[in-house]
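Quick notes on the structure that follows.
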Amino acid sequence: MQKIAQSGNDGKSVKSDCSVKIMLKSTGGISINLKSKVKKYFGNSIVELCKKELKYFGIENAEVEIIDSAALDYVIMARIESAVKKLIKTKKEYLPEINVIGHKETKKNQLRRSRLYLPGNTPKLSINAGLHSADGIILDLEDSVAPTKKDEAKILVRNSLIKTNFYNSEKMVRINQLPAGLDDLDYIVPYNVNLILIPKCESAEQVLQVENKINAILEEKKMTSTIWLMPIIESALGVVNSFAIASASDKVVALAIGLEDYTADIGASRTNDGIESFFARSQIMNSAKAVGIQAIGSVFSDVNNPDELRKYVKDAKAMGFNGIGCIHPRQIAVIHDAFTPTEDEIIKAQKIVDAFEDAKSKGLGVVSIGSKMIDPPVVKRAEQTLLMSKI
Amino acid sequence: MIEKMTKNALGRMIPEKINGEKVIPFQGVGKYKPTGRRYAPKTKSVADFPADGNKIVESLKVALQKSGLKDGMTISTHHHFRNGDLIANMIFDIAHELGVKNLRWFPSASFPCHEHLIKYLDDGTISHIEGSMNGALGKYCSEGKMKKTAVLRSHGGRYQAVQDGEVKIDIAVLGAGCADSFGNANGLYGDSASGLLGFALADSQYADKVIVVTDNLVEFPCIPWQIQGNYVDYTVQIEKVGISEKIISGTTRITKSPDRLLVAEITAKFCDEVGIIRDGFSFQAGAGGTALSIGNYFAQIMREKNIKARFARGGSNKYLVNMLEEGLVDYILDGQTFDLEGVRSMAENSNHVWTSPFTSYNYHGKGNFAGMLDVVILGATEVDVNFNANVVTHSDGALLHGIGGWQNCLFSKCTILPIPLFRNRIPIIKDEVTTLVGPGELIDVIVTERGIAINPRRKDLLEKVKDSKLPIKTIEELKSEAEEICGIPEKPKLGEKIIAAIKWVDGTVIDVVREIKK
């Protein structure tokens, strides 16, 4: 049995996090060595928290070293739990008190223009993330978390879902690629998540595996939450199977595309104009729309280039996509703005809707502007445009 | 030693004497009025000065000796060269070499480059500092190591103290980017150009001896003469008065932090909604990252509305200069030039005007500009539920910043403090600030990333936002929101010893700072 374990992070650039090292002993009780930037303000409460948590896990004799860079309690709790779980086998979870504010269910067809990726094991980025009005916030367990940190990230993301107020953003978690991702669900599903992203999805079967696991967890916890699914297509096979994936479950609300992995998979390099992924994007968009769900574009990762970002979003919008991913809060306003209809589009849409209302009130079966006939789908699109313009 | 203490008008306990001199406790805003006349330096005769006007002596050391440098004197310097200042360190190197002791250093501000002076505080060359205290000097002072009590004043308070004779300067040493042999000087030209020399105005007028030091001696006349040679005793030419790349402040860049940008955006929206941003308005925004981006949002709003501001108070910098040149503001009334664009504009553009703490801030005068401003944006380290604010110490009581023009600016028509709700887990809104530097009755609005609190005294502002979509909350709500996230912090324990006094703009003492416990 291992006697020493460490979790969390410390170092010069680390903020709002802590490193916890626990050394199990056979005698001597608990001794805690705390180094903290905020020791004068929270030193006593951190020590108390640590003692209480170790007691909860039945640890009676240990030397603990905590190097704290102003972590919030839920982060410290997660780091201690992670270290403990490297030392002893336990199914117990040390949960923060559930935050009563901030959780609500989301709708299948709600706006998903922007989704902000946050690395799941970096607490400083999540504290204020909800203030920036992204349509969705993704706590990522997959590519942004180092392989050796996967276990502690799960516990931290769980606590973050419980404790952090993400305000009006839809709370999303990207689990790991299956099968590992299925184990992530135990930490996520019971705790206020709205949507699960399934990375590198290649088959309808994978969607069903996730859905079944979610249902099993909810049943066991006697919960009735609605948890949506967003498969991310990142391979040639995934593109080919995209329609089956989109229609695998009525919990699937959108298909997303991940172009970094996709271009690697087909042996091309990713270019700005995206000729190499044109087919894949069209296919994903088409599969999604065939099932009546949203199509979501890939992440735009150049944080310092708002002009390119705007063009990228306009292109995505022109193709029929409903949203894209981003990695920095400063990108959100640009994305929302670019998805918002232009004044010309609004005027045109208003004319169409007015003509439709006019025809309806006159009992006319045919809608027309001047000599031009207006088909019902055109009216529907115009209504959509007006809806988007009012956000 | 147990000091006799009295309670001032804000309930702060103030000793009756500081450094052996009697103290007037703060009596309320606008309550204390001095009587008598201003201080005046000794009368001089032209007969005692060189007939050809050439006041050059061969070195700073000689100038100091000729000025009669001796134990217990008050030596003043200025922070126009900011962290690139070489003069203050030079002066005390010379004093140390000459074995002079117990000097009072009276800078308009100190910077990290002055860490060099700690050894002279240790060996008694300097007895204490009256000026801003931060970095290593702040730490030294906070740990109770300075032999006497520090005194912190605002820029306006410094002018007031000199003018009222509260601080009598024996020798003022004025570093200048450009000067002539008569002592006329400006900060506009040369390798050590710093823009203006306004902080040295009082010293030139009231000090017993005045020395101008430059690395850029020009033939008479040095135009413009921001400092008039008629006040100057000696002129010294040296190789370098400042390190030019450090004269320019490093803080003058618009923030990239999304959280700070959010606070800036909310602040600008608030100003717009309550009608502050209208044709002909005036504003002051500092040079910190958040304040700069607020200026940027102001510019956007002015362009959209096709309006302009009558004047902006600087801290000038490239962003403010751009607004002047774009025609968004008629005048910059500049108190401190933060970058080379500011220096260039001041030299070229007659609408970019250099000012001094006399015109801008002095409270014992016949008015000042600060009160005319429609809106002022300032920072703070802490705020309390009564809107009192702290700008000099951290929540653990350690000296962090000088007061600068902060107290003086509180007199604007609307004073806004955009601050984060918490920094490093420490909530910024307290029941009581650790050090009270600004009275709540002058602080109108607190803007945080999680909401805006308006001082209940400002019923007019509350009325204007009653149907607003802005996140208006009470200050108590903001406080509990921060504590919900961070937890309730313990109050750090402070020592007994008083290490610094905080002056109000009228020379009364508004609070004192105690030593921190290690």
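The values are calculated or read from the model by the stated rules, or taken from the named source; none is laboratory data. It should be emphasised that the depicted structure is a prediction, and the values quoted were computed from it without experimental measurement. Every residue, glycine as well, gets a Cβ built from its backbone with ideal geometry; the counts of neighbours run over all protein chains shown.
Below is a table of values for the structure above.
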read-out: Some residue of region A:164-182 being assigned to a helix (DSSP H, G or I), in the same structural domain as A:G120 (by TED's automatic domain parsing) and under 15 Å from A:L125 (Cβ atoms); value: no
read-out: Elements of type helices (runs of 4 or more DSSP H) in region A:245-349, at least 3 residues being of a type in the set (D, E, K, R); value: A:259-266, A:306-319
read-out: Only listed residue being of a type in the set (D, E) and outside the structural domain of A:P119 (by TED's automatic domain parsing), chosen from A:D315, A:D354; value: A:D354
read-out: Test result for A:I98, surrounded by fewer than 19 Cβ atoms within 10 Å (Cβ to Cβ), of a type in the set (A, V, I, L, M, F, W, C), away from chain B (no Cβ under 11 Å) and not in a helix (DSSP H, G or I); value: yes
read-out: Members of region A:15-26 found to be within 14 Å of another protein chain (Cβ to nearest Cβ) and out of contact with any Gly (no Cβ under 9 Å at 6 or more places or on another chain), listed by number; value: A:K15, A:S16
read-out: Filtered residues of region B:343-393 (kept if polar (S, T, N, Q), in contact with a strand residue (DSSP E or B) (Cβ under 7 Å, 6 or more places away or on another chain) and under 20 Å from B:I227 (Cα atoms)); value: B:S345, B:N351, B:T355, B:S360
read-out: Output for region B:365-405, where each listed residue is in a strand (DSSP E or B), at pLDDT 95 or above and either at positive phi or away from every other protein chain (no Cβ under 14 Å) (or both); value: B:V375, B:V376, B:I377, B:V383, B:D384, B:A389, B:N390
read-out: Cβ-Cβ under 8 Å pairs, at least 6 apart or on other chains, region A:61-84 side within 18 Å of A:Y187 (Cβ to Cβ) and within 14 Å of chain B (Cβ to nearest Cβ), far side outside any helix (DSSP H, G or I) and hydroxyl-bearing (S, T, Y); value: A:Y74/A:T164; A:V75/A:S16; A:M77/A:Y94
read-out: Condition check for B:D71: buried (at least 23 other Cβ atoms within 10 Å of the Cβ), touching a residue at least 12 places away in the same chain (Cβ under 8 Å) and acidic (D, E); value: no
read-out: Residue tally, condition charged (D, E, K, R) and within 26 Å of A:L111 (Cα to Cα), over region A:151-182; value: 5
read-out: Qualifying residue in region A:70-84 (condition: surrounded by 15 or more Cβ atoms within 10 Å (Cβ to Cβ) and more than 30 Å from A:P147 (Cβ to Cβ)); value: no
read-out: Region A:127-163, residues that are closer than 25 Å to A:N322 by Cβ, without any contact (Cβ under 8 Å) to a residue 40 or more places away in the chain and not in a helix (DSSP H, G or I); value: A:I137, A:L139, A:D140, A:S144
read-out: Among the candidates A:S169, A:S133, A:S160, residue that is within 16 Å of the chain's Cα centre (by Cα) and on the phi > 0 side of the Ramachandran plot; value: A:S133
read-out: Boolean, B:L421 is within 17 Å of the chain's Cα centre (by Cα) and either surrounded by fewer than 24 Cβ atoms within 10 Å (Cβ to Cβ) or closer than 23 Å to B:K473 by Cα (or both); value: no
read-out: Residues satisfying the stated conditions in region B:432-469, i.e. in a loop (DSSP other than H, G, I, E, B) and either at positive phi or within 14 Å of another protein chain (Cβ to nearest Cβ) (or both); value: B:T434, B:E449, B:R450, B:K469
read-out: Conditions (1) of a type outside the set (K, R); (2) over 22 Å from A:L118 (Cα atoms); (3) assigned to a loop (DSSP other than H, G, I, E, B); (4) touching a residue at least 24 places away in the same chain (Cβ under 8 Å): number failed by A:G365; value: (4)
read-out: Residues (surrounded by fewer than 18 Cβ atoms within 10 Å (Cβ to Cβ) and within 18 Å of the chain's Cα centre (by Cα)) located in region A:300-326; value: A:S301
read-out: Some residue of region A:42-57 being within 14 Å of chain B (Cβ to nearest Cβ), part of a strand (DSSP E or B) and either within 26 Å of A:V145 (Cα to Cα) or touching a helix residue (DSSP H, G or I) at 6+ places or on another chain (Cβ under 8 Å) (or both); value: no
read-out: Considering residues of region A:327-350 that are among the hydrophobic types (A, V, I, L, M, F, W, C) and within 14 Å of chain B (Cβ to nearest Cβ) only, the residue surrounded by the fewest Cβ atoms within 10 Å (Cβ to Cβ); value: A:A333
read-out: Any pair with Cβ under 6 angstrom, 6 or more apart, that starts in region B:42-55 at a residue that is over 15 Å from B:Q205 (Cα atoms) and ends at one that is surrounded by 11 or more Cβ atoms within 10 Å (Cβ to Cβ); value: B:G53/B:F182; B:N54/B:S181; B:K55/B:G183; B:K55/B:Y234; B:K55/B:T235
read-out: Helices (runs of 4 or more DSSP H) wholly inside region B:179-289 containing at least 1 residues that are buried (at least 24 other Cβ atoms within 10 Å of the Cβ), aliphatic (A, V, I, L, M) and touching a strand residue (DSSP E or B) at 6+ places or on another chain (Cβ under 7 Å); value: B:258-273
read-out: Out of B:N54, B:N89, sole residue that is outside any helix (DSSP H, G or I) and over 20 Å from B:Y159 (Cβ atoms); value: B:N54
read-out: Residue tally, condition within 14 Å of chain A (Cβ to nearest Cβ), closer than 22 Å to B:A398 by Cβ and either at pLDDT below 95 or surrounded by fewer than 18 Cβ atoms within 10 Å (Cβ to Cβ) (or both), over region B:484-509; value: 7
read-out: Single match in A:S225, A:S242 (criterion: farther than 23 Å from A:R113 by Cβ, polar (S, T, N, Q) and more than 12 Å from the chain's Cα centre (by Cα)); value: A:S225
read-out: Complete set of residues in region A:27-41 that are within 14 Å of another protein chain (Cβ to nearest Cβ) and either farther than 18 Å from A:N9 by Cβ or not in a strand (DSSP E or B) (or both); value: A:K37, A:V38, A:K39, A:K40, A:Y41
read-out: Residue check, A:V47 aliphatic (A, V, I, L, M), over 30 Å from A:V193 (Cβ atoms), surrounded by 19 or more Cβ atoms within 10 Å (Cβ to Cβ) and not assigned by TED's automatic domain parsing to the domain that holds A:P123; value: no
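Condition check ((1) touching a Ser or Thr at 6+ places or on another chain (Cβ under 8 Å); (2) within 29 Å of B:Q226 (Cβ to Cβ); (3) touching a residue at least 40 places away in the same chain (Cβ under 8 Å)) across all residues:
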site: B:E273; (1), (2), (3): yes, no, yes
site: B:I276; (1), (2), (3): no, no, yes
site: B:S282; (1), (2), (3): no, yes, yes
site: B:S293; (1), (2), (3): yes, no, no
site: B:F298; (1), (2), (3): no, yes, no
site: B:R310; (1), (2), (3): yes, yes, no
site: B:M323; (1), (2), (3): no, yes, no
site: B:L328; (1), (2), (3): no, yes, no
site: B:G335; (1), (2), (3): yes, yes, yes
